[in-house]
Amino acid sequence: MPASFPVRFANDVAADPAILRDISEIGLACAAPQEIPEMTLVALDFALPGATEIHHVKGAVVRCEPLDGADRGKYDLAVYFTEITAVTRAALRNYVGKAHRSR
């Protein structure tokens, strides 16, 4: 589901956040400020729009390609979730479901 909100890499809180481009119950895609090699394990923190709870997930980078145009210098990064709590999965299911119903 298309989305646009900040996602932080948990191991680098000082870095600029990535900007989410798409999210589902199994993974996400974002415009990341740095290149991360494929198959690297990452930890991510995010709050869904309209909520205050911070969700923590872990995943494997499955794509990292340079972006062009206005996003030049950033990377199209896709992460497949490898560790996600039941609470976060339910929150994502609800968030994605609301977006589909509003179309």
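Do you know which of the residues in region 13-28 that are small (Gly, Ala, Ser) and at pLDDT below 90 is surrounded by the most Cβ atoms within 10 Å (Cβ to Cβ)?
Only one residue tops the list, namely 15.
Restricting to region 70-92, count the residues that are polar (S, T, N, Q) and surrounded by 12 or more Cβ atoms within 10 Å (Cβ to Cβ).
Of the residues in region 70-92, 2 are polar (S, T, N, Q) and surrounded by 12 or more Cβ atoms within 10 Å (Cβ to Cβ).
Kindly list, by first and then second residue, each pair from a residue in region 79-103 that is within 16 Å of residue 57 (Cβ to Cβ) to a residue that is modelled with pLDDT under 95 and of a type in the set (Ser, Thr, Tyr), limited to pairs with Cβ atoms under 8 Å and residues at least 6 apart or on different chains.
The qualifying pairs are 92/24; 96/24.
Residue by residue through region 72-93, note down the ones that are touching a strand residue (DSSP E or B) at 6+ places or on another chain (Cβ under 9 Å) and farther than 14 Å from residue 23 by Cβ. Please lay out each step first, then the result.
Taking region 72-93 first, the residues touching a strand residue (DSSP E or B) at 6+ places or on another chain (Cβ under 9 Å) are 72-85, 87-89, 91-92.
Across region 72-93, the qualifying residues are 72, 73, 74, 75, 76, 82, 83, 85, 87.
In the list 38, 53, which residue meets the criterion of being surrounded by fewer than 15 Cβ atoms within 10 Å (Cβ to Cβ), at pLDDT 95 or above, over 9 Å from the mean Cα position of the chain (by Cα) and not aliphatic (A, V, I, L, M)?
Sole residue among the options that is surrounded by fewer than 15 Cβ atoms within 10 Å (Cβ to Cβ), at pLDDT 95 or above, over 9 Å from the mean Cα position of the chain (by Cα) and not aliphatic (A, V, I, L, M): 38.
The values are calculated or read from the model by the stated rules, or taken from the named source; none is laboratory data. Since the model is a prediction, treat every value here as computed from it, not as a measurement. As a convention, Cβ positions derive from the backbone with ideal geometry for all residues, glycine included, and neighbour counts pool all protein chains shown.
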